[in-house]
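Read through the structure below, which is laid out as structure tokens, and then see the notes.
The values are calculated or read from the model by the stated rules, or taken from the named source; none is laboratory data. Being a predicted model, the structure only gives us computed values, none of them experimental. Counting neighbours? That spans all protein chains shown, and the Cβs are built from the backbone with ideal geometry, glycine included. Calculation scope for accessible area: heavy atoms of the full protein, side chains included, ligands and nucleic acids excluded. Shrake-Rupley method; radii C 1.70, N 1.55, O 1.52, S 1.80 Å.
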Amino acid sequence: MTSKFEVPVDKLSWRCDLSFLPFTCTADMTPLEDFIGQDRAIRAIQFGLGVNKPGFNIFVTGLTGTGKTSIIKAFLKKTTAERFSPDADTPLPADWCYVYNFSDADRPHIIKVPRGQGRILRSDMEQLIQYLQREGKRMFESEDFARHRQGMIEELQKKQQGMMEALMAEASDNGFSLRMTPSGIVLLPTKDGKPMQEADYLALSPADKKSLDDKRGEIEKKVEETLREGKKLEREITERLEELEKQAGEYLVRIPLTDLREKYRDHAKILSYLDGVRDHIVKNLHRFKGMEAGPGPAQMVPLQMQIGEPPADPFQVYRVNVFVDNSSTQGPPIIVETNPSYHNLFGVVEKKPIIGGYVTDFTLIKAGSISKANGGYLVLYDRDVLANAGVWEALQRVIKNRELRIEEPAAFFGWAPPQGLRPEPVPTDTKVIMIGDPQLYRALATLDPDFRETFKVKADFDFQIDRSQENITAFACFISDYCNREGLRHFDASGVARVIEQCARMVQDQDKLSTRFSDMVDLLIEAEYWARKENAELVSGKHVEHAIVEKTFRLNLIEKRLQELITDGTILVDVEGAVVGQINGLAVYQMGDFSFGKPSRITAKTFMGRGGVVSIERESKLSGKSHDKGVLILSGYLGGKYAQERPLSLSTSVCFEQSYDGVDGDSASSTEIYAILSSLSGVPLKQSFAVTGSVNQNGEIQAIGGINQKIEGFYDVCRIKGLTGDQGVLMPQSNLRNLMLRSDVVRAVEEEKFHIYAVASIDEGIEVLTGVAAGARNAEGKFPDGSINALVENKLLQYSERQKQISRAAIRNEVSAVKDI
């Protein structure tokens, strides 16, 4: 009866036909030059890179190891090579420079110049400084300039001397003499050409005293007028000296600045900057006189009180900070930022520590990855971006505004007022490519309202591709290319076949191959290690198999411990006999990068009542939502099949025995139904079977995950306890394409030591597990006598009738009690 449900040996696993691999070893294959599969993702990337409009940034999703980063880098190189080929008319990325702002020192200007011109502009300004230092010192220390200056000074002195001599003569004519004191000019009356003594002054008559005082007042007025004229003369000569120096300064800078203006005549912002340089030099000529110059205005912007500040560079304001230098870049910059901290990504204004604080200036503005990628491409990883506080919000702002403001994170979020420099924003034209996983993409698309405006292109990488002849050949070419690049021994046809088979097992699909190339590369390296240890010339299938076995051995410690507990009876699992209401279920344990199957005893107890199906795991809060859903489906199935003419008078409890860590998933829902049907019918279930598969309300068995691990897990337990030839696994028919079993399991089935059955419905499954027909309703709506369904229906009818009897008796008792009252 059960043989029709048994799975043939050739359906248990797919084996790669060596005729698909017509080569001796991978050294004979042409190295892979294209990508394997991923047509959808590649077309999306091509589209995103081809559209140079705001918001058309690319978000690349997919499981790790599917080649996202490799394909992105390869496409970027290819795209940049095409865009910047000799025949392409595409502008090269520009240089960016920060220069001093002569009108507002704490807001440096940003200047865009053609590629390679940033260094040249910096060099030109350095040469200008050196020229002005050299020629300025020569000019201001020359004999002609000194003679001219001295002539002006002597002219002033002569005029001052003449004015003083005239004043002294007038004072002498009026009986006074002038004397210079620290407090100014003092008038002293004279007698016989000598200063008058106090006794002589007191001996004067009142009229003579009055006359003397009047003359003093007149002369003092003339002294004041003479002093005013002297000050006016000093200002005049100072202005003439300043004008002389200004003329000399203008002459000094005229020729070099004229040359620079001619050189940069097509750059309006540089011309404006050179005008500021000229005006500042003319106003600060003392810097070029060869004397000690004090710090210029706002050359160093203080961040805190400065104590013992080092002397500032007087010529720093004329220097150029090449913020972004693309002189060595042959095409648009491609920046892959693996540590996107706020400063690494957006730039920083560095500070120099001094005693008591910090100082900074525009030459300490440093570029981040966004600025370095300006005009090109910036590749980021979403988890790294989101792990750094504030980076995601700031990145969104840069993309939306298309400009970058270099500021401290605290100032960006408004936690602290801006301090120090506030550089002019940098216009940005950067294509951002974010690499992440599907879960984060969905979360951002749902929770961030700006996400769809900033990342309009999604490139979704699939983790599997079709198992076609073309893709099998491409895998062989990939192995050849990797062996060449990494210096590994090449693989023969059997080795390649075994690797490809393992790729099919990774996705648990006989018609698909895994595109998680990182896992494949690990397998290549490990297999080559075992081949090298044997001094084999080529890596063969046995070396690949050895690598798989060894990796499993390194990871399966917990699996072995559980198997030991089952073997010694600590964990109760029967693999022989038959028991009513008891069955072996199968679960998969995920241990990070390793998973394995383990059988668990599931029991069901049925009894009279109206409680329905009660899951002990659910009631004790040891189950997940998917498992709870599966339990609720059981009631729907039982009611739909057995309670069409009368209520379902049933209480049943279902339990995963010795389960204390919680269960989830609905893959045991069919197993639980089998246990319930066995308990109701009284027909025992074969303990030599383990069962997996979810069920719907129509009784159809549905596909589940982890089918290979579950089958292998039960096989290992049976092998340890002893194979009897009756043991096996009952699985969903819809999972047949997912079978990629280990060779030892396939061999055991081939030798009829182990069996695998695939069913599509509960009725088919119960026949395999009990050896009794399930039975279908006849024209009268009755199940055949002796069938499982008939036995179940009869038991439910007994429960219902007994329930009615109890209810009638209870009613009679209540009526009798009322009558007695």
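Taking P(r) over Cα pairs in 10 Å bins from 0, in percent as calculated from this structure, the corresponding entry among (i) 2, 9, 12, 12, 12, 11, 9, 8, 6, 5, 4, 3, 3, 2, 1, 1, 0; (ii) 2, 11, 18, 18, 15, 11, 8, 6, 4, 2, 1, 1, 1, 0, 0, 0, 0, 0, 0; (iii) 2, 11, 18, 21, 20, 14, 8, 4, 1, 0 is (i). Ranking HIS267, HIS755, HIS343 from most to least accessible surface, computed with a 1.4 Å probe over the protein chains only, gives HIS343, HIS267, HIS755.
The residues of the chain expose, per residue, 50 Å² of accessible area to a 1.4 Å probe.
Evaluated over the Cα positions of segment 657-714, the convex hull gives a direction-averaged projected area, one quarter of its surface, of 5.0 nm².
Computed over neighbours whose Cβ is under 10 Å from that of TYR358, the net charge equals +1, Lys and Arg +1, Asp and Glu -1.
Coordinate range of the alpha-carbon atoms in segment 621-681 per principal axis, descending: 40, 21, 18 Å. Exceedance of the 31 Å cut-off in Cα-Cα distance is limited, within the set LYS753/LYS782; LYS283/LYS352; LYS68/LYS512; LYS641/LYS753; LYS753/LYS795, to LYS753/LYS782; LYS641/LYS753; LYS753/LYS795. With a Förster radius of 35 Å applied to the C-beta separation of ARG134 and ALA169, the computed FRET efficiency comes to 0.10.
Among beta bridges identified by DSSP and lying wholly in segment 335-476, the antiparallel ones come to about 50 percent. Of ALA776, LEU723, ASN698, which is farthest along the charge dipole of segment 683-791 in the positive direction, counting Lys and Arg as +1 and Asp and Glu as -1 at C-beta? Of ALA776, LEU723, ASN698, it is LEU723. The relative contact order of the chain, computed from alpha carbon pairs under 8 Å that lie at least 6 residues apart in sequence, is 16 percent.
Out of the DSSP beta bridges found with both residues in the chain, what percent are antiparallel (nearest 5)? Among the beta bridges of the chain, antiparallel pairing accounts for roughly 60 percent. So what's the net charge close to ARG422: Lys and Arg +1, Asp and Glu -1, counting the other residues with Cβ under 11 Å from its Cβ? With Lys, Arg at +1 and Asp, Glu at -1, the net is -3. Each of GLY612, PHE656, ALA643 was scored by the projection of its Cα onto the charge dipole of segment 597-668, and the greatest displacement toward the positive side belongs to ALA643; charges sit on the C-beta of Lys, Arg, Asp and Glu. Run the dipole for the chain about the Cα centre, Lys and Arg Cβ at +1, Asp and Glu Cβ at -1, nothing else charged, and hand back the magnitude in debye, nearest 20. Result for the chain is approximately 1140 debye, rounded to the nearest 20.
A dipole drawn for segment 539-616 from +1 and -1 charges on Cβ atoms has a positive end, and of LEU565, SER540, GLY592 the residue lying farthest that way is GLY592. Summing charges over all other residues whose Cβ lies under 13 Å from the Cβ of LYS686, with Lys and Arg as +1 and Asp and Glu as -1, gives -4. In this simple spin-label model, placing a label point 7 Å from the Cα along the Cα-to-Cβ direction at both ARG40 and TYR660 gives a separation of 4.4 nm.
Could you check what % of the DSSP bridge pairs in segment 565-706 are antiparallel, to the nearest 5?
Working: 19 of 26 bridges.
Of all bridge pairs located within segment 565-706, approximately 75 percent are antiparallel.
Considering only protein heavy atoms and a probe of 1.4 Å, how much of the accessible area of the chain is carbon and sulfur, as a whole percent?
Carbon with sulfur: 50 percent of the solvent-accessible area.
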